[in-house]
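Student: Here it is, the structure, as structure tokens.
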Amino acid sequence: LAYVFNTTHQRFLRHYDEHASFGQILKNRTYNCLTATALYALLLDHVGFDYKIMETNHHIFLLIQTDQGEVMYETTDPANGFINDPKEIANRIVRYKEHSTQQVASNKTYYRFEVDLYKEVSLDEMLGLIHYNLSINAYNQHNLPTAMEHLELAIKLYQSPRMEEYSRIILLSIKES
């Protein structure tokens with residue numbers, strides 16, 4: 001598992017970008033936590049490991065079951081993202097559950113997501129989250145039709161409080177436009 005983690009990061013995951021799409025991993029080695037986690041999940045499926053994809057409000061990661069205990073893949077941490085110490089895994093999970101967005105510009109409006117998520121998601125649901133991210137990116141670029149298309153695909157693949165709350169934002173935007 002350590003070899004798969006390190007080799008994958010070295011070969012495919014070079015540049016972190018919060019807004020990266022899955023295709024950018026192969027195109028220019030750019031990733032985010034969601035796209036890298038999807039890549040690792042596909043690789044773990046291929047080699048036959050039992051794993052869980054865990055979703056929180058602002059992050060996603062993998063927990064892999066082994067005969068020697070649980071292993072965490074923290075895909076945005078190339079140096080220390082392979083974690084097999086149970087205490088460190090527990091500490092990171094606590095931090096992910098507490099994680100909140102940081103406001104970086106005082107001249108912008110930020111939306112605070114009011115649902116606490118910590119749940120396992122399937123690969124299909126993860127595809128829904130990828131479309132959700134694409135929808136958010138389109139929305140932030142003021143491309144409402146594309147945002148709505150991706151949101152529709154996201155909802156078909158994954159029913160989540162995250163999708164419901166974001167749908168309200170889209171509806172308000174349509175109403176105000």
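The values are calculated or read from the model by the stated rules, or taken from the named source; none is laboratory data. What you are looking at is a predicted structure, and each value in this text was computed from that prediction instead of being measured. For neighbour counting, all protein chains shown are included, and Cβ atoms are generated from backbone atoms with ideal geometry for every residue, glycine included. The area values use the complete protein model at the heavy-atom level, side chains included, leaving out ligands, DNA and RNA. Shrake-Rupley method; radii C 1.70, N 1.55, O 1.52, S 1.80 Å.
Student: Just to be sure I understand the filter: pairs with C-beta atoms under 9 Å, separated by 6 or more residues or on different chains, first member in the range 59-78 and touching a residue at least 40 places away in the same chain (Cβ under 8 Å) and more than 17 Å from Leu39 (Cα to Cα), second member assigned to a loop (DSSP other than H, G, I, E, B) and open to solvent by 30 Å² or more (accessible area, probe 1.4 Å). Which pairs pass?
Tutor: Sorted first by the residue in the range 59-78, then by its partner, the pairs are Thr66/Leu1; Thr66/Phe49; Thr66/Asn84.
Student: Could you look through the range 21-79, keep only residues that are on the phi > 0 side of the Ramachandran plot and open to solvent by 60 Å² or more (accessible area, probe 1.4 Å), and pick out the one that is modelled with the lowest pLDDT?
Tutor: Gly48
Student: Another one. Kindly check whether there is at least one residue in the range 40-49 that is touching a residue at least 60 places away in the same chain (Cβ under 8 Å) and closer than 15 Å to His9 by Cα.
Tutor: yes
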